[in-house]
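Quick notes on the structure that follows.
The values are calculated or read from the model by the stated rules, or taken from the named source; none is laboratory data. All values reported here derive from a predicted model rather than from experimental measurement. All Cβ positions, glycine included, derive from the backbone under ideal geometry; neighbour counts span all protein chains shown.
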Amino acid sequence: MLANIVLLGGVTLLGVLEQAYFSLQVIGARRKYHVSPPSTSGPPEFERVFRAQVNCAEYFPIFLAVLWLSGLFFHQGIAATCGLLYLFARYRYFKGYSASPQGRLAPMYLNAGILWFMIGLSAVGILHVLFSHFLELEVF
Amino acid sequence: MLANIVLLGGVTLLGVLEQAYFSLQVIGARRKYHVSPPSTSGPPEFERVFRAQVNCAEYFPIFLAVLWLSGLFFHQGIAATCGLLYLFARYRYFKGYSASPQGRLAPMYLNAGILWFMIGLSAVGILHVLFSHFLELEVF
Amino acid sequence: MLANIVLLGGVTLLGVLEQAYFSLQVIGARRKYHVSPPSTSGPPEFERVFRAQVNCAEYFPIFLAVLWLSGLFFHQGIAATCGLLYLFARYRYFKGYSASPQGRLAPMYLNAGILWFMIGLSAVGILHVLFSHFLELEVF
């Protein structure tokens, strides 16, 4: 049933749009600071924008994995809400890191906290299905 | 029903094989230009192949996300066809970037165009399910 | 049915935890070798840990794709078992690469072998569904 995954799909699509936005910011920074591909070295202002985008891209598959695991095995609405918070924290991380290395820290901790919370939801949901189905125990 | 996702699965598998091919090209370029791990700096010929592969790898999760969203929420056959076009454009991007920084531009715009089209299909499909299920409106 | 994907979900979650562990190792190496963000250059000891993490992160979406394809289209239990082996080989790769460039080679070949095996399982499963459903042939 598509209704059981439509909120997860919507948050995934917003995440894709956010990654597209970050990529466009790097293209803009390449022009502004005259860093032509394939080089990725330049003034610290450029390297912060570049590294912020790389970090967000690196965490994107991890985010999608825990979004869908927590949504499928725990609760779609709670997972989608956490996902929206995560995307907002990622936006603040990108803006903060672009301004200064210190500026990335507070949103980075927020991002990590939300991810760990979603990992916890996923673990509870997966263990519940494992126990109730394979061991025929009803623990909840 | 596996038949509802088998074309998406097939395109995903072709995408995995393409990424494997790009990775093998980087290993070949490391040998040819004598760039030993963990270094990623070398002559521009090496750095173009390396950056082309990194860029393709970075977009791979984004591609998979919109392939499956547009396939699940809009239409499997249309999404799979767009996916094949994207993989072909990625191959041309990799070859073009390996030859020169300018050579990556035309296929890059083609890639971006296909991705935006699939984002549009996904958005239409997701909004349709959201409206018809949660608001009980039949808008299409 | 969640029972049909719960083992895949469990292995995915373990993979997320492994990636989190690798990220924490890079943060530790940044402190130990005094490499402050956004820089990613430093002594070879740091660059090996950094590149090991980047390589694992780059393969993570590819791994998830073949884990779920082989689990959905071939057999969940076999796919999950291969997935656990892959995560173990990735751990050995990370530790080996952190110690020396040569130390990454044996687990790298093991990782690649497991991935190719899972690609083969996925291909068999996808072709089976394609032939039996779309061509109405029973080939197995």
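Descriptive notes on the structure:
- Cross-chain or 6+ apart pairs with Cβ under 6 Å, segment A:116-128 first and in contact (Cβ under 8 Å) with a residue 24 or more places away in the chain, then crowded, with 20+ Cβ neighbours inside 10 Å and of a type in the set (Ser, Thr, Tyr): A:Met118/A:Ser70; A:Leu121/A:Ser70; A:Ser122/A:Ser70
- Of all the listed residues (B:Ala52, B:Ala57), the sole one being crowded, with 24+ Cβ neighbours inside 10 Å, within 11 Å of chain A (Cβ to nearest Cβ) and among the aliphatic types (A, V, I, L, M) is B:Ala52.
- From the list C:Met108, C:Met118, the lone residue that is in a helix (DSSP H, G or I) and either of a type in the set (Val, Ile, Thr) or touching a Phe, Trp or Tyr at 6+ places or on another chain (Cβ under 7 Å) (or both) is C:Met108.
- Just one of the numbered conditions (1) facing chain A (nearest Cβ under 10 Å); (2) under 17 Å from A:Ser23 (Cα atoms) is not true of B:Tyr93: (1).
- Pairing residues of segment A:35-55 that are without any contact (Cβ under 8 Å) to a residue 40 or more places away in the chain and assigned to a helix (DSSP H, G or I) with residues that are surrounded by 15 or more Cβ atoms within 10 Å (Cβ to Cβ) and not charged (D, E, K, R), at Cβ distances under 6 Å and at least 6 apart in sequence or on separate chains, gives A:Phe46/A:Ala29; A:Phe46/A:Tyr33; A:Phe46/A:Val35; A:Glu47/C:Pro38; A:Phe50/A:Val26; A:Phe50/A:Thr40.
- Here C:Ser41 passes the criteria (1) surrounded by 15 or more Cβ atoms within 10 Å (Cβ to Cβ); (2) within 10 Å of chain A (Cβ to nearest Cβ) except the one numbered (1).
- Considering B:Gly83, B:Gly113, B:Gly77, the condition of being assigned to a helix (DSSP H, G or I), at pLDDT 95 or above and surrounded by 19 or more Cβ atoms within 10 Å (Cβ to Cβ) is satisfied by B:Gly83 alone.
- Restricting attention to segment B:1-34 and to residues that are surrounded by 15 or more Cβ atoms within 10 Å (Cβ to Cβ) and not in a helix (DSSP H, G or I), the residue that is farthest from the other protein chains (Cβ to nearest Cβ) turns out to be B:Tyr33.
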